[in-house]
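Participant: Okay, handing you the structure first.
The values are calculated or read from the model by the stated rules, or taken from the named source; none is laboratory data. This is a predicted model, so every value here is computed, not measured. Positions of Cβ are backbone-derived with ideal geometry, glycine not excepted, and every protein chain shown enters the neighbour counts.
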Amino acid sequence: MALAFGIYPGAVLGDDQGIVHPVRPDEPHRITGALDALQGDAAALTVRAYHSFAATVDLPEPAAPVEPQRYLRRGRKLDLVLQFREPTGRLDEWLEFVRETVRTRGPQLASLQICEEPNADLPPLDGSTPGVLDALVEGVVAAKEEARALGYSVAVGFNAVPTFDPGDTFWSELGARADARFLACLDYVGLDFFPDVFRPIAADQLADAVAGVLTAFRRTHLPAAGIPDTVPIRICENGWPTGPDRPEQRQAAVLETVVRTVAALADALTVDGYAFFALRDADSSGAGLFHRFGLLRDDYSPKPAFETYRRLIAELAGPAAGPAGPV
């Protein structure tokens, strides 16, 4: 199975405390040039973007990157994430926000992800928001039904992070809500994972670790929610930050190993896409783990991994970005 590739082109990101802002502003023409270079002769490259919703509070960072549509050229479309950040858990306005996004963005969308890491209970992530499971299930249905009604071919799904806690109940609780209506609207399930970032992994064990996480996600976690093997997995966020004691060459090597392992398992585990996080560092002088996830330094100069990703896309990309589900 050929992979569709993508990337988050911003530099702002969330860490376990909140929002990390870049020390240099986005320069759209330089971002566009970098995306063109990564895409090369591939038919397309998805542009990952985040739009947060809350009806009763003001959000510190409602959209990232700003105006992502300006990067949509040469067949590129949006891989758009709608984050549920409404602290009351109220759904009416959320569901209208989802439908309105489909109505206004439909032609620009390759995929629409409902909620961001709903099984991660951390401040910047949706797993910390009350009612997130209901927002996920009802949001997927609302998005897909709106896309079908308007004739837009948009892949609708959600994502999650790996779970290593045998007592975790996210997947079983989702399964209790995952009725036939939800499953008929679900086009993919995304996986965000960052091997050798938060838990060190020896280089000669990395491929096996990646394979283990992907296999458990497919064979253990998704079945617990009643999600069948026919629903594709896609890697929505993966990356490896550089920094003190984290060499840039190692970032390139990790990227190569992860992408080739994912590609090798694509047929067996029905994996249809991979997106890298992120294009550019927030702060290339920063000492924090979250400051240097980019393929580019904060001044837009490329790290070795930029060329690695460009080469992998040229070799492994499928004929379209972000495979869409049936209308």
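Participant: Residues of segment 1-49 being under 14 Å from Glu237 (Cα atoms) and β-branched (Val, Ile, Thr), which ones?
Facilitator: Ile7, Thr46, Val47
Participant: Okay, moving on. Could you tell me whether segment 236-246 includes any residue that is among the hydrophobic types (A, V, I, L, M, F, W, C) and in contact with a helix residue (DSSP H, G or I) (Cβ under 9 Å, 6 or more places away or on another chain)?
Facilitator: yes
Participant: Let me ask something else about it. Can you give me the number of residues within segment 224-248 that are touching a residue at least 12 places away in the same chain (Cβ under 8 Å) and either charged (D, E, K, R) or over 30 Å from Ala180 (Cβ atoms) (or both)?
Facilitator: Qualifying residue count, segment 224-248: 12.
Participant: Consider segment 45-63. How many of its residues are under 20 Å from the mean Cα position of the chain (by Cα) and modelled with pLDDT of 95 or more?
Facilitator: As a first pass, look at segment 45-63 and keep what is under 20 Å from the mean Cα position of the chain (by Cα): 45-53, 61-63.
Applying the additional criterion that residues be modelled with pLDDT of 95 or more yields 45-53.
Qualifying residue count for the region: 9.
Participant: Which of (1) within 18 Å of Ala63 (Cβ to Cβ); (2) in contact (Cβ under 8 Å) with a residue 12 or more places away in the chain does Ala142 not meet, given it meets every other one?
Facilitator: Only one criterion is unmet by Ala142, namely (1).
Participant: Considering Ala160, Ala147, Ala207, which residue is within 23 Å of Gly273 (Cβ to Cβ) and in contact with a Ser or Thr (Cβ under 7 Å, 6 or more places away or on another chain)?
Facilitator: The conditions single out Ala207.
Participant: Could you figure out which of (1) in a loop (DSSP other than H, G, I, E, B); (2) under 14 Å from the mean Cα position of the chain (by Cα); (3) closer than 30 Å to Thr230 by Cβ isn't true of Ala42?
Facilitator: Failing condition for Ala42: (2).
Participant: Now for a separate question. Does Ala282 satisfy being within 24 Å of Gln17 (Cα to Cα), modelled with pLDDT of 95 or more and not in a strand (DSSP E or B)?
Facilitator: Values: within 24 Å of Gln17 (Cα to Cα): yes; modelled with pLDDT of 95 or more: yes; not in a strand (DSSP E or B): yes.
Considered against the rule, which asks whether it is within 24 Å of Gln17 (Cα to Cα), modelled with pLDDT of 95 or more and not in a strand (DSSP E or B), Ala282 comes out as yes.
Participant: Follow-up question, since we're still on this one. Among what's in segment 47-58 and is surrounded by 14 or more Cβ atoms within 10 Å (Cβ to Cβ) and of a type outside the set (D, E, K, R), pick the residue that is farthest from Ala314 (Cα to Cα).
Facilitator: Checking each candidate, the answer is Ala55.
Participant: Residue by residue through segment 126-138, note down the ones that are in a helix (DSSP H, G or I), under 18 Å from Ala55 (Cα atoms) and over 17 Å from the mean Cα position of the chain (by Cα).
Facilitator: Ser128, Val132, Leu133, Asp134, Ala135, Glu138
Participant: Which is under 21 Å from Ala11 (Cα atoms), at pLDDT 95 or above and surrounded by fewer than 20 Cβ atoms within 10 Å (Cβ to Cβ), of Arg260, Arg219, Arg246, Arg181?
Facilitator: Arg246
Participant: Residue by residue through segment 26-46, note down the ones that are over 17 Å from Ala314 (Cα atoms) and of a type in the set (A, V, I, L, M, F, W, C).
Facilitator: Ile31
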